[in-house]
Amino acid sequence: MKHTISVLLQNKPGVLSRVTGLFSGRGFNIDSLSVAETLEKDVSCLTLVTHGDEAIIEQITKQLHKLIDVIKVTDMAEHEHVEREMVMIRIKAEDETRAEVLRVIDIFRGKVVDVSPKSYVVEVTGSKSKVQAIIDILRPIGIQEIIRTGATAITRGKKS
Amino acid sequence: MKMKGSQAFVKCLEEQGVETIFGFPGGAVIDLYDELLNAENLTHVLVRHEQAAVHAADAYGRVRGEVGVALVTSGPGATNTVTGIASAYCDSIPMVVFTGQVPTMLIGNDAFQEVDIVGITRPVTKHNYLVKKAEDLIPTIREAFHLARTGRPGPVLVDLPKDVIASMVNYTEPKPIKMRTYKPTYEPHPGQVEKACKTVLKAKKPVLYVGGGVIHSNASETVTELAKKLDIPVTMTLMGLGGFPGTDPLSLGMLGMHGTYYANMAVANCDLLIAVGARFDDRVTGRIDAFAPNAKIIHIDIDPSSISKNVKVDIPMVADCHHAVTAMNAWFDSSKDFDARAAKEQHQQWHDQIKDWKNRHPLGYVEEGEVIKPQFVVQKLHELTHGDAIITTEVGQNQMWAAQFYHFNKPRHFLTSGGLGVMGYGFPAAIGAQMAAPDRTVIDVAGDGSIQMNIQELATARQYKCPVKIAILNNNYLGMVRQWQELFYDKKYAHTTLDVAPDFVKLAEAYGAVGLRATKPSEVEPVIKEALKTNNTVIMDFVISREEGVFPMVPAGKATTEMLLV
C-alpha cells in the first residue's frame, strides 16, 4: 500500500544520503521524494512516498527514526492531511491547439507560466491523480517535456 | 584554554576515560601521533594492519564494557577499517574510530590518500562525522563517545582533516551531552512489564532466549535471577553466550543453526518465548514460519527497529535489558499471584520433556582412536583453564566448536564476530582482550584458514608482550565451507583445500613466539599445559580429524527442528 511519510531532519551535510542510503541498503522503495527547509533554518522537511505492506512500513518508520539526524517521522496515513504535487508541462501549442490547451488548463485550474510562439509552459497543482489526469489529457496534443515535484504533505488543523 | 587540535584530541580521549588505543600512523594523522608521544596516560598499540586495530578495539571494549578506540590514517588506512567497523556494527559494539583525512581545502579533489570514508561507512556505523571546522572538533569527539556507549551501542567514525587537527581550538570542560534527536529509552513501560509478567505466570512451557544485549547492558545477573525465580530454561545466541551460566542445569546451550538439539526443540515447542536483547537473526530462526510457531513472544530490546523486524512479537518492551528484567523481577517479588513453588510445578512436565531431549541427543562427538577431535581440544581448553579464560574465535567451524564446547559461565568471556562473521577477527581480538585484561588467560580458537587472515599480528602480540594463546584446529581445509560442500554439493570441494600451508610452529618461532604441535589425542593436554605456563605468545597447532563436521546442523532455510545430528 502507498504511504506518504514526512521526515523532519537536521539540515546537515550528507543527511539526505543517510535517508536514501537507508532505503537502498534495506531494499525499501522510494516512489517520490521532495525536500526543502522549514521555518527553522537548520531543519529540513523531507516528504517521501513509498509502498509496502504494514510490516515494511513499520520498519521504514522505525529505521528512519533510528537515524541520528532525524527529528520526527510522521506516517501521513495515520493523520488527516492535505497532499499536493506540482507538475510543469511544456506543451506544443500551435494555431489549431492553442485555445484547446488553454481550455483544459482552465478546467484543471492550472496556470500558463511561459508563452512562446509554438508552446506553453503550464503549471498544475493537485493530488497525484489530478496531475496524472491532466498529463493524460494533454498527451495527445503533444507534450514536449514534463517535470513533477513528487508529493508533499501537511497535516490538517485540529477540528476543535 | 587555547591549544592545538591534536592536543585537544588527546585531552578529549583522556577525559572520556580512554587508556588504550589501537592504531597505525600515516601522513594525515602524523600530528596526532606526534602528540601521542606526550600523552602520559594513553597507551598506543601499533598494529600491523588497520583491520586488526579495529578488531582489537572491539575486543578491548567488550572485555572492559567500555568504548574501544582505533586511530588510522586517511585513504587506505581508513578503508582497511571497514570490515572491523561493519563487524562491530552487526554486534552492537561501542567503539569510536578516528580516521585521518586530507586537508579540508583538498577534500573532493581526488587528493593523495583521499577517500570519502564517511560515505563508505555510512551504512555500517551508528553515526559518523567529518569534522570540517576546528571549533567542531571537541564537541564532535564528545558526541561520538556519547553515541557509541549509549542506547544500542555501536561504532561511530570521526574523520579528521589534517588542517583541523593542526589548527588552534578552545578547550572547555565537558558538560552533559544533550541531543535534540537522540534519546534512547532505558526504562520499560510499566504497563508492558505487567502484561509480560502476567503472561509469564500463565506459561506452561516457557523459554528464555538471551542475546548479546544482555551482555552489553550487564544484565546477566538479573536475567539469571529471573530464570531461577521462575524456573525457566534458558537458551543463548552466539552473542549471548555467558549471559547465563552455560553449566547451569537450566541452560539449554546455544540455539539455531549449530545449536543444541534440545535448545531448538524447546524453542519449537514452547508456549512462551521471552527474548531478551536478541534480534531473531536468520541463523537463529531458520525457516521463519516454523520458528516458535505456537509461542507467545515477549521481546525486550533497546532498539525499537529490532522489534517485529523478523518475527511478529506479542508483547514488545523497548528498554535496556537490565532495567526491563529488573522491573520484571520486582513485579514478581511484589505480586501476590506469584508463588515460586507453583511456578516450578507448573513447568515440571516441560522440564521432564527437555530432560528427555537432552538424554536423547546430548551435545557430543565420536572419538576416533589416534586422531584428535576438535571438540576434544575445546573441552580440554575448558578443563585446563577451569572455564575461566577469555575465548576469542575466528569464523567457521572453530567458532562453532568453541561456542558449543566451552561452556561459558560468565559474560564478556566469549568474543566472536557474530553478525558479520569475520575470518581474522579472533587473533587481533585476543590482543585487544589481553590489553584490556593483562592478568587473564586469553585464547584464540582458530582455524588454519582464518588465522592466516591476520597472522601478521604476531608482531604486535610480541611487541606488547601479550601472552595470548592461539589454538589452531588444523584440518588443512576451509572447514565450514567444506562441510557445506560435503553435505549439499556432492562433496565437490571447490577451492576449500589449503594445499600450501605454513609450518605454524616455525612461523611462531620466526616472530619470537612459541610454537607447539599435537598430532594425537595424548599430546593435547601436555601442549595446552605447556602453553598456559609459557609467558609468551604461543601457537598451538592441533592437527585434527580432517573431515570432522559441526553438528547439530540446521541446513539453511530449513526449520530448526530439521537438524542433522552427529
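The values are calculated or read from the model by the stated rules, or taken from the named source; none is laboratory data. Nothing here was measured: the structure is a model prediction, and the numbers come from that model. Please note: Cβ atoms are built from the backbone with ideal geometry, for glycine as well, and neighbour counts cover all protein chains shown. Heads up: the accessible areas ignore ligands, DNA and RNA and are worked out on the full protein's heavy atoms, side chains in. Shrake-Rupley method; radii C 1.70, N 1.55, O 1.52, S 1.80 Å.
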### Task
Kindly indicate whether any position in the stretch B:386-400 is surrounded by 18 or more Cβ atoms within 10 Å (Cβ to Cβ) and in contact with a Cys (Cβ under 9 Å, 6 or more places away or on another chain).
no
### Query
Any idea which residue in the stretch B:47-84 is nearest to B:Arg412 (Cα to Cα), counting only those that are outside any helix (DSSP H, G or I) and open to solvent by 20 Å² or more (accessible area, probe 1.4 Å)?
B:Gly65
### Message
Condition first: under 26 Å from the mean Cα position of the chain (by Cα) and either surrounded by 22 or more Cβ atoms within 10 Å (Cβ to Cβ) or more than 14 Å from every other protein chain (Cβ to nearest Cβ) (or both). Now tell me which residues in the stretch B:284-297 satisfy that.
### Response
B:Val284, B:Thr285, B:Gly286, B:Arg287, B:Phe291, B:Ala292, B:Ile297
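If a residue must be part of a helix (DSSP H, G or I) and either farther than 30 Å from B:Gln113 by Cβ or open to solvent by less than 30 Å² (accessible area, probe 1.4 Å) (or both), how many such residues does the stretch B:161-202 contain?
Here the count works out to 15.
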### Message
It is to be established whether one or more residues within the stretch B:530-544 are of a type in the set (Asp, Glu), in contact with a Phe, Trp or Tyr (Cβ under 6 Å, 6 or more places away or on another chain) and in contact (Cβ under 8 Å) with a residue 12 or more places away in the chain.
### Response
yes
## Note on the structure
Residue set A:Thr47, A:Thr61; condition touching an Asp or Glu at 6+ places or on another chain (Cβ under 6 Å), touching a residue at least 24 places away in the same chain (Cβ under 8 Å) and either open to solvent by less than 40 Å² (accessible area, probe 1.4 Å) or among the basic types (Lys, Arg) (or both); output residue A:Thr61
### Query
Has the stretch B:429-449 got at least one residue that is buried (at least 24 other Cβ atoms within 10 Å of the Cβ) and hydroxyl-bearing (Ser, Thr, Tyr)?
no
### Verdict on B:Glu525 being over 26 Å from B:Thr385 (Cα atoms), surrounded by fewer than 20 Cβ atoms within 10 Å (Cβ to Cβ), in contact (Cβ under 8 Å) with a residue 24 or more places away in the chain and of a type in the set (D, E, K, R)
no
### Task
Name the single residue, out of those in the stretch B:298-351 being part of a loop (DSSP other than H, G, I, E, B), under 14 Å from B:Arg279 (Cβ atoms) and free of Cβ contacts under 8 Å to residues at least 12 places away in the same chain, that is least open to solvent (accessible area, probe 1.4 Å).
B:Ile307
### Single residue of the stretch A:1-35 satisfying the filter (facing chain B (nearest Cβ under 10 Å), under 17 Å from A:Ile60 (Cβ atoms) and part of a strand (DSSP E or B)) that is most open to solvent (accessible area, probe 1.4 Å)
A:Leu8
### Query
Is it the case that some residue within the stretch B:41-55 is over 24 Å from B:Ala430 (Cβ atoms) and touching a residue at least 24 places away in the same chain (Cβ under 8 Å)?
yes
#### Entry: A:Val112 being at negative phi, surrounded by 15 or more Cβ atoms within 10 Å (Cβ to Cβ) and free of Cβ contacts under 8 Å to residues at least 12 places away in the same chain
yes
### Query
Out of curiosity, is A:Thr97 under 30 Å from B:Asn128 (Cα atoms), open to solvent by less than 80 Å² (accessible area, probe 1.4 Å) and more than 14 Å from chain B (Cβ to nearest Cβ)?
no
